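Have a look at the structure below before the remarks.
The values are calculated or read from the model by the stated rules, or taken from the named source; none is laboratory data. Since the model is a prediction, treat every value here as computed from it, not as a measurement. Glycine also receives a Cβ, built like all others from the backbone with ideal geometry; neighbour counts cover every protein chain displayed.
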Amino acid sequence: MATDAPPPSKTEDRLPSTAEFEEVQKSAEFAELRRSHRSFAFPLTIAFIVWYLLYVLLSNYAGDFMGTKVAGNINVALVLGLAQFLTTFLIAWWYSRHAAAKLDPKAQAIKSRMENGE
């Protein structure tokens, strides 16, 4: 019949319980995953916020410096403003490489074990 739902896939057969989630959360493997994420994300976040605030402060309080011509009508403010965009994309790219290499394999291993009831 067309309205029958398809049979559940293997991962839908078994859903981990709350107790299993809590057990995994307390495991050394999960702690390592969390540490790996935090050791990358926190320092980069702090560095970017400092970089952004420096740009804002320079824009507000160092107008002469920010107005310094670099080439033609391009000044320091424009260069640093464009550098903000560049660093945003670089951080996103760097994080995606870090996640693919370090975080995703660990997370996938934890997920597979939970789905298989190990």
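Could you count how many residues in segment 76-110 are in contact with a helix residue (DSSP H, G or I) (Cβ under 9 Å, 6 or more places away or on another chain) and under 22 Å from R38 (Cβ atoms)?
Selection size over segment 76-110: 13.
Since T18 meets every condition but one in (1) polar (S, T, N, Q); (2) more than 22 Å from the chain's Cα centre (by Cα); (3) surrounded by 12 or more Cβ atoms within 10 Å (Cβ to Cβ), which condition does it not meet?
Failed condition: (3).
Exactly one of these conditions fails for W93: (1) surrounded by 10 or more Cβ atoms within 10 Å (Cβ to Cβ); (2) without any contact (Cβ under 8 Å) to a residue 60 or more places away in the chain; (3) over 23 Å from V50 (Cα atoms). Give me its number.
Condition not satisfied by W93: (3).
If L57 satisfies all but one of (1) surrounded by 11 or more Cβ atoms within 10 Å (Cβ to Cβ); (2) at pLDDT 95 or above, what's the number of the condition it fails?
Condition not satisfied by L57: (1).
Which one of A100, A107, A62 is among the small types (G, A, S) and either surrounded by fewer than 11 Cβ atoms within 10 Å (Cβ to Cβ) or in contact with a Gly (Cβ under 9 Å, 6 or more places away or on another chain) (or both)? Break it down stepwise before answering.
On the way: A107 fails: either surrounded by fewer than 11 Cβ atoms within 10 Å (Cβ to Cβ) or in contact with a Gly (Cβ under 9 Å, 6 or more places away or on another chain) (or both); A62 fails: either surrounded by fewer than 11 Cβ atoms within 10 Å (Cβ to Cβ) or in contact with a Gly (Cβ under 9 Å, 6 or more places away or on another chain) (or both).
None of the others qualify; the one that does is A100.
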